[in-house]
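> Dumping the structure here so I can ask a few things about it.
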Amino acid sequence: RVVSQYPNTAHKSLLVLHLKVIGHCYTNTGEFKQAEDFLLRALSHLEPNHAEYVLAKADILQTLAMNHEMIEEGSPKSIAYLMEAIEGLDEEAHAVKRANCLMGLGNVYNNMDNIPMALKHYAQAAQTFESKFVLANMASAYSNIGNCHIKLGDFKKAETYLQKSLELRLKFSSPDDLSISYYNL
């Protein structure tokens, strides 16, 4: 309703935000075509001179990738959207957002059972999360790396990473995150 009331608003960043949220909601409800329509509209309204352009674009591209990954695991579109997001992000200024996109790439490759590529992206993301001390994301990266080693049959290495993830999650995580760590172990 809000978007339809203000299609020509001068406040493009607010319109983009609404379109992105609507697209994200449609992804979560499984209405993937509607999600893509709203997310592409959000991209089309982005203004390159806006202060948050780079991060907003990367966020929308990451959501588009997630949307396509839910349609088809290992979707080439997912990889393309994530690569475009990563290429647009400065390694230092947008390090954490870039690492989150790398985690997304790891997830896509993991879904494709391309474990070496998944590990490569998870390790790059983990390195950034460690350097920026983003504990929740470090725990997720370690968990994903551990799960890859399970798939490779290297249970000792898997346990090392899964234990590191659990140790972090015991300090700050929700019961949901803890249950994931215990389940993986």
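> May I ask you to list the residues in segment 10-56 that are among the acidic types (Asp, Glu), open to solvent by less than 80 Å² (accessible area, probe 1.4 Å) and under 22 Å from GLU87 (Cβ atoms)?
GLU36, GLU47
> Out of LEU162, LEU119, I need the residue that is in contact with a Ser or Thr (Cβ under 8 Å, 6 or more places away or on another chain) and more than 30 Å from ALA51 (Cβ to Cβ). Which one?
Testing whether each residue is in contact with a Ser or Thr (Cβ under 8 Å, 6 or more places away or on another chain) and more than 30 Å from ALA51 (Cβ to Cβ) leaves just LEU162.
> Just for segment 105-143: of the residues that are within 13 Å of the chain's Cα centre (by Cα) and polar (S, T, N, Q), which one is farthest from SER165 (Cα to Cα)?
ASN107
Yes or no, residue by residue, for (1) over 21 Å from ASP90 (Cα atoms); (2) among the small types (Gly, Ala, Ser); (3) touching a residue at least 12 places away in the same chain (Cβ under 8 Å):
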position: VAL16; (1), (2), (3): yes, no, yes
position: VAL21; (1), (2), (3): yes, no, no
position: CYS25; (1), (2), (3): yes, no, no
position: LEU43; (1), (2), (3): no, no, yes
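> Moving on to the next point. So, TYR142, is that one open to solvent by less than 60 Å² (accessible area, probe 1.4 Å) and under 19 Å from LEU61 (Cα atoms) or not?
In short, no.
> Moving to a separate point now. Answer yes if at least one residue in segment 71-80 is closer than 23 Å to ASN184 by Cα and of a type in the set (A, V, I, L, M, F, W, C), and no otherwise.
no
The values are calculated or read from the model by the stated rules, or taken from the named source; none is laboratory data. Keep in mind that what you see is a predicted model, and the values were worked out from it rather than measured. A quick note on method: Cβ atoms are made from the backbone with ideal geometry, for glycine too, and the neighbour counts reach across all protein chains shown. Ligands, DNA and RNA are excluded from the accessible area calculation, which covers all protein heavy atoms including side chains. Shrake-Rupley method; radii C 1.70, N 1.55, O 1.52, S 1.80 Å.
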